[in-house]
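*Asks:* Right, I'll just put the structure down here and ask away after.
The values are calculated or read from the model by the stated rules, or taken from the named source; none is laboratory data. On a predicted model such as this, the values are computed, not experimentally measured, just so you know. FYI the Cβ positions are ideal-geometry reconstructions off the backbone, even for glycines, and counts take in every protein chain you see.
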Amino acid sequence: MLGASRSSRLKTAVTRAPGTRSVVARFVAGEAEDDGVRVARDLGRTGLRVSLDHLGEFTSDPAVVREATQASVSMLRRLAAEGLAPIAEVSVKLTALGLDLDRSMVLDNAWEVVSAARQAGTTVTCDMEDSTRTDATLDVVRELRTEEPSVGAVLQAMLRRTESDVRDLAYAGSRVRLCKGAYAELSSVAFASKAEVDASYARCLGILMRGDGYPMVATHDPRLVDLGERLVKEHGRAADTYEFQMLYGIRPEEQRALAGRGHTVRVYVPYGKDWYGYLMRRLAERPANVAFFVRALATR
Ligand code: FDA
């Protein structure tokens, strides 16, 4: 499935298949900015926070990069206008903003988004993509933080390097989203088994919770969510010094339950037309999703 996420032939076939829409709707707010705003407002009413992600990645066309930058800026203005900035931030993929094209281009575009967030009164988190881009992504985050320390970083527990990255980033004011990692990686750079990835996640989470930064515990894994809750208690962390994060459409009842227990919970809400790569990664995470997808295609 992860290989399929980069196949343009399969992308065309899947995008055109009539049954795809219902599966996409489970994980994606919709194709328009309005859809993202509507879902943010609805989740906000239930006590949840959101991070809105305008879908798109691995962009090589400067015109598309410009559109993606404008889309995030436009969403941030909209969040401010609708009074949603206190509960909503945006997430960006730096390859959508020109990471693969030119360092000064991605920095200018990322800075445009971060400035819009600052004006709106909210924050930006830079998603992490595959391991060939980890250094470049962290380099951009470091640069943005010199002017805007609230910019969030994402680290992936599956990578062997992450424990060291977590130590570097566990400083005061540093917002770090810890996830398992959603990309196909070589065993030279990443742990291969679920047990190793989970153990790495637990070690990294311990470092973040003991540190002075702002950990963002991004997982749906019940054992790791439990561990997060235990560490919060053990380190006496106040509710405004960390948060739990989950993806739109995955374990929604647990999202509300965690918020009900007094934790800040943020839901990552993707919207936009370029949903193919995101959908393939969600299918790859769970065999049952693939069966659901195949059934949806077959019943149309
Ligand atoms: P795991 O995959 O072990 O799943 C644990 C349980 O959660 C499953 O048993 C199932 O119940 C449920 N579950 C998980 N995925 C599901 C799915 N797709 N459908 C249905 N149920 C599912 N990755 C990355 O590389 N870069 C990034 O920037 C981000 N950003 C990000 C933000 C947020 C808020 C989250 C929650 C996740 C990410 N990720 C990410 C994705 C992350 O790396 C990882 O691929 C998924 O979260 C799945 O891993 P879990 O930690 O949930 O564990």
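*Asks:* State all residues of segment 286-300 that are part of a helix (DSSP H, G or I) and either without any contact (Cβ under 8 Å) to a residue 24 or more places away in the chain or of a type outside the set (A, V, I, L, M) (or both); if no residue qualifies, say none. Step through it out loud before you land on a result.
*Replies:* In the first step, residues of segment 286-300 are kept if they are part of a helix (DSSP H, G or I); the result is 287-298.
Matches in segment 286-300: Pro287, Ala288, Asn289, Ala291, Phe292, Phe293, Val294, Arg295.
*Asks:* Report whether or not Leu107 is of a type outside the set (Asp, Glu) and within 16 Å of the ligand (Cβ to nearest atom). So that I can check it myself, show each step before the final result.
*Replies:* On the way: of a type outside the set (Asp, Glu): yes; within 16 Å of the ligand (Cβ to nearest atom): no.
Criteria not met by Leu107.
*Asks:* Just one of Tyr242, Tyr183 is touching an Asp or Glu at 6+ places or on another chain (Cβ under 8 Å) and either hydroxyl-bearing (Ser, Thr, Tyr) or at pLDDT below 95 (or both); which is it? Step through it out loud before you land on a result.
*Replies:* Working: Tyr242 fails: touching an Asp or Glu at 6+ places or on another chain (Cβ under 8 Å).
So the residue among Tyr242, Tyr183 that is touching an Asp or Glu at 6+ places or on another chain (Cβ under 8 Å) and either hydroxyl-bearing (Ser, Thr, Tyr) or at pLDDT below 95 (or both) is Tyr183.
*Asks:* Oh, and also: Take Leu155 and decide whether it is among the aliphatic types (A, V, I, L, M) and touching a helix residue (DSSP H, G or I) at 6+ places or on another chain (Cβ under 6 Å).
*Replies:* Details: among the aliphatic types (A, V, I, L, M): yes; touching a helix residue (DSSP H, G or I) at 6+ places or on another chain (Cβ under 6 Å): yes.
Considered against the rule, which asks whether it is among the aliphatic types (A, V, I, L, M) and touching a helix residue (DSSP H, G or I) at 6+ places or on another chain (Cβ under 6 Å), Leu155 comes out as yes.
*Asks:* Still on this structure: Can you tell me how many residues within segment 169-197 are within 11 Å of the ligand (Cβ to nearest atom), within 16 Å of Val217 (Cα to Cα) and over 13 Å from the mean Cα position of the chain (by Cα)?
*Replies:* Matching residues across segment 169-197 total 1.
*Asks:* Would you check if there is a residue in segment 266-285 being modelled with pLDDT under 95, within 11 Å of the ligand (Cβ to nearest atom), closer than 23 Å to Ser5 by Cα and not in a helix (DSSP H, G or I)?
*Replies:* Yes, some residue in segment 266-285 is modelled with pLDDT under 95, within 11 Å of the ligand (Cβ to nearest atom), closer than 23 Å to Ser5 by Cα and not in a helix (DSSP H, G or I).
*Asks:* Among the residues of segment 91-113, count how many are farther than 15 Å from Val73 by Cα, aliphatic (A, V, I, L, M) and surrounded by 23 or more Cβ atoms within 10 Å (Cβ to Cβ).
*Replies:* Final tally of qualifying residues: 1.
*Asks:* Further question on the same structure: Go through segment 20-49 and give me each residue that's more than 22 Å from Ala218 (Cα to Cα) and free of Cβ contacts under 8 Å to residues at least 12 places away in the same chain.
*Replies:* Listed by number, the residues that qualify are Arg21, Asp34, Arg38.
*Asks:* Enumerate the pairs (first residue in segment 143-161 and within 16 Å of the ligand (Cβ to nearest atom); second residue anywhere and of a type in the set (Phe, Trp, Tyr)) with beta-carbon separation below 6 Å, excluding pairs fewer than 6 apart on the same chain, so at least 6 apart or on different chains.
*Replies:* Correct list of pairs: Ala157/Tyr201; Met158/Phe191.
*Asks:* Sort out which residues of segment 247-265 are touching an Asp or Glu at 6+ places or on another chain (Cβ under 7 Å) and either part of a strand (DSSP E or B) or of a type in the set (Asp, Glu) (or both), and write them in order of number.
*Replies:* The answer is Val265, and nothing else.
*Asks:* Follow-up question, since we're still on this one. Restricting to segment 135-149, count the residues that are in contact with a helix residue (DSSP H, G or I) (Cβ under 8 Å, 6 or more places away or on another chain) and within 16 Å of Arg177 (Cβ to Cβ).
*Replies:* Selection size over segment 135-149: 4.
Per-residue answers, yes or no, for (1) within 16 Å of the ligand (Cβ to nearest atom); (2) over 30 Å from Ser115 (Cβ atoms):
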residue	(1), (2)
Gly3	yes, yes
Thr12	no, yes
Arg16	no, yes
Ser22	yes, yes
Leu55	yes, no
Ala63	no, no
Val73	no, no
Pro86	no, no
Val90	yes, no
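*Asks:* So the check is Cβ under 7 Å with 6+ separation or different chains; which pairs have a first residue in segment 1-19 that's touching a residue at least 12 places away in the same chain (Cβ under 8 Å) and a second one that's of a type in the set (Val, Ile, Thr) and assigned to a loop (DSSP other than H, G, I, E, B)?
*Replies:* Listed by first residue and then by second, the contacts come to Gly19/Thr299.
*Asks:* Looking at Gly83, Gly44, which is the one that is at pLDDT 95 or above and either in a loop (DSSP other than H, G, I, E, B) or buried (at least 23 other Cβ atoms within 10 Å of the Cβ) (or both)?
*Replies:* Matching residue, one of Gly83, Gly44: Gly83.
*Asks:* Please work out which one of (1) at pLDDT 95 or above; (2) part of a helix (DSSP H, G or I) is the condition Lys11 fails and give its number.
*Replies:* Failing condition for Lys11: (1).
*Asks:* Further question on the same structure: Considering each of Thr264, Thr241 in turn, give the residue that is in contact (Cβ under 8 Å) with a residue 60 or more places away in the chain and surrounded by fewer than 20 Cβ atoms within 10 Å (Cβ to Cβ).
*Replies:* Exactly one residue qualifies, and that residue is Thr264.
A quick yes/no check of all residues on (1) within 12 Å of the ligand (Cβ to nearest atom); (2) more than 24 Å from Asp53 (Cβ to Cβ); (3) not acidic (Asp, Glu):
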site: Tyr201; (1), (2), (3): yes, no, yes
site: Leu205; (1), (2), (3): yes, no, yes
site: Val217; (1), (2), (3): yes, no, yes
site: Asp221; (1), (2), (3): yes, no, no
site: Leu224; (1), (2), (3): yes, no, yes
site: Val232; (1), (2), (3): no, yes, yes
site: Arg237; (1), (2), (3): no, yes, yes
site: Gln255; (1), (2), (3): yes, no, yes
